[in-house]
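Structure record follows, encoded as structure tokens.
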Amino acid sequence: MPDYATSIDIDAPPQVVFEHLVTPEGMVAWMGQHADLDARPGGTFAVDINGSPVRGHFLEIDPPHRVVVSWGVAGSDVHPPGSSRVEFTLVPVGDGTRLGLRPSGPPDQQAPRHARGGGHLSARLPAAAAGGDPGPAPRADRWGAGRPPPAARAAPRGRPATAAFRRGRSQVHRWPR
């Protein structure tokens, strides 16, 4: 699978954004309906996202600068638990944080799904980390093949729409305060 990455600017300090990546409460505020997280190298990373049991482990933790997790879906022969990685990097930018997101290793047939999901999630995390309500999560099975998630098609509450992952380059989005 070709590498791809995205980054977003979030109106919250790195420590607040970091907590949304390593605590169950923070994680489900923007991604998933249930999380069991043990944020230490080798610790459990388990998030249920719209009926998909994502499973893996925390591989690297550098508070509040970097989190790397293994990723896969329990019961999947195509993308089993731990078969790919997701790297989050947090860089202070003014009073906020630039969050970089770089998945690697998902099977080629999973790439479109990951790209659609990345756009959806990058639209929800800024709202949650800034203390807002990202609204209900759209269901991944309703996105449809080749369509970006709803958050990438229509801007919520007057905010600019975010773009789904762009292959081979980073995409930066800035949400106003």
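The values are calculated or read from the model by the stated rules, or taken from the named source; none is laboratory data. Keep in mind that what you see is a predicted model, and the values were worked out from it rather than measured. Every residue, glycine as well, gets a Cβ built from its backbone with ideal geometry; the counts of neighbours run over all protein chains shown.
Selection within segment 1-23: residues that are out of contact with any helix residue (DSSP H, G or I) (no Cβ under 8 Å at 6 or more places or on another chain) and not in a strand (DSSP E or B). The member of this set that is farthest from residue 65 (Cα to Cα) is 3. Given the condition within 19 Å of residue 85 (Cα to Cα) and small (Gly, Ala, Ser), answer yes or no: does some residue in segment 18-33 qualify? Yes, that holds for at least one residue. Within segment 71-82, the set of residues being surrounded by 18 or more Cβ atoms within 10 Å (Cβ to Cβ) and of a type in the set (Gly, Ala, Ser) comprises just one member, 72.
Summed over segment 24-63, residues that are surrounded by fewer than 17 Cβ atoms within 10 Å (Cβ to Cβ), not in a loop (DSSP other than H, G, I, E, B) and not charged (D, E, K, R) total 4. Evaluate the following for residue 67: is it free of Cβ contacts under 8 Å to residues at least 24 places away in the same chain and either surrounded by 16 or more Cβ atoms within 10 Å (Cβ to Cβ) or under 23 Å from residue 133 (Cβ atoms) (or both)? So residue 67 does not fit the description; no. Taking the conditions exactly as written (modelled with pLDDT under 95 and surrounded by 20 or more Cβ atoms within 10 Å (Cβ to Cβ)), does residue 124 satisfy them or not? Yes; evaluated as a whole, the condition is true for this residue. Within segment 47-75, which residues are in contact with a helix residue (DSSP H, G or I) (Cβ under 9 Å, 6 or more places away or on another chain) and small (Gly, Ala, Ser)? Of everything in segment 47-75, those that are in contact with a helix residue (DSSP H, G or I) (Cβ under 9 Å, 6 or more places away or on another chain) and small (Gly, Ala, Ser) turn out to be 51, 52.
Being not in a loop (DSSP other than H, G, I, E, B) and not acidic (Asp, Glu) narrows it down to one residue among 70, 76; which is it?
Exactly one residue qualifies, and that residue is 70.
In segment 89-103 there is at least one residue matching the filter, namely being surrounded by 16 or more Cβ atoms within 10 Å (Cβ to Cβ), assigned to a strand (DSSP E or B), touching a helix residue (DSSP H, G or I) at 6+ places or on another chain (Cβ under 9 Å) and at pLDDT below 90. Only residues that are out of contact with any Ser or Thr (no Cβ under 7 Å at 6 or more places or on another chain) and surrounded by fewer than 18 Cβ atoms within 10 Å (Cβ to Cβ) were counted in segment 10-23, giving 2.
Taking (1) touching a residue at least 24 places away in the same chain (Cβ under 8 Å); (2) within 24 Å of residue 135 (Cα to Cα) in turn, residue 46 satisfies each apart from (1).
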